[in-house]
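Trainee: This is the structure, below, for whatever I ask next.
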Amino acid sequence: MNFQKDTQIEVYTRNMELTDAIDSYVNKKVARFIRHLPVLDIIRVDLSHEKNARDANERNVAQITLTGKRILLRAEERAADLNAAIDVAVDKMDRQIRRYKGKHWDKKQAQPVVPDDYLDYSDLEDFEEEETAEIVRRKTFTLYPMDELEALEQMKLLGHENFFIFYNANTSKVNVLYKRRNDTYGLIDPEIG
C-alpha cells in the first residue's frame, strides 16, 4: 500500500524566512515518517528563531507533529543551529514512532491495531493571538474519545510532563490528566456549577 500521496507535509516558520534550502532539508528528513507510519494524514513542522532566548544554544526551535488515525506524536528540540535542531527533533520522533509501533502495531501483519471506525485526527492549528497582556499563545486542537489509561499513554508518548486534556469516552466529558509531585497522576473531572 502506498499512502504517501495522502500525507501532507506542512512547514511553518516564525521569526525567520522559509528558504527553499530549509524546506527541502525538512521535507527530506521527515519523508521517512510516511514509510514508518503509513496511516499519517499530516506531518507538521514548526520552525522558529527566538531572538531573546536566555541561552544562545536554544535560539532555533524545531517542532514536529504527526497526526493520523488515532495518532498524535510531537517532538521538539532547541539548538544554536537550525539544522541541528531539526536533526535532533527527527531523532526524537523516530524513537517515539518505534515506541508507538511497539505498543500499537500487529507485528505479523505490519498494520496498526486500531478499529477502522475510529475518528481521524484533524489538523492541529497553532496560532498566536493579537498581542495582549494576559494571553500570549492559544492552541486549538480536536479532542478525541479515549479512556483514562489511553490518555495516560498518550500523555507519555507526547512527552507532556504536566497535563493532558482529553474527551473521556466513559463519562462523555472533557477531563484533564495531570502529574503530581510524587510521580502519581490525578484526574480533573469538571462539572458545571
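Where a number appears in this text, it was derived from the coordinates with a stated rule and is not lab data. Predicted model only: the values in this text are computed from it and were never measured. Cβ coordinates were reconstructed from backbone atoms using ideal geometry, including for glycine residues, and neighbour counts include every protein chain displayed.
Trainee: What whole-number distance in Å separates the alpha-carbon centres of region 1-70 and region 78-94?
Mentor: 10 Å
Trainee: Quick one: if the Förster radius is 22 Å, what FRET efficiency do E161 and K103 give, using the C-beta to C-beta distance and rounding to 0.05?
Mentor: Given R0 = 22 Å and the Cβ-Cβ separation, E is 0.65.
Trainee: Magnitude of the Cβ-charge dipole of region 4-117, K/R +1 and D/E -1, about the Cα centre, nearest 20 debye?
Mentor: Roughly 600 debye for region 4-117.
Trainee: Still on this model: Taking the Cα centre of region 1-66 as origin and charging only Cβ (+1 Lys, Arg; -1 Asp, Glu), how large is the dipole, in debye to the nearest 20?
Mentor: Computed about the Cα centre, the dipole is about 200 debye.
Trainee: Could you give the nm distance between label points at L187 and D55, where each point is 7 Å from its Cα heading toward the beta carbon?
Mentor: 3.6 nm
Trainee: With a 10 Å Cβ neighbour count serving as the proxy for reagent exposure, in which order, fewest first, do I97, I165, I43 appear?
Mentor: So the ranking, lowest neighbour count to highest, is I165, I97, I43.
Trainee: Could I ask something else about it? Figure the gain on full extension for A169 and D20 (residue separation times 0.36 nm, minus the Cα-Cα span) and round it to one decimal in nm.
Mentor: 49.3 nm
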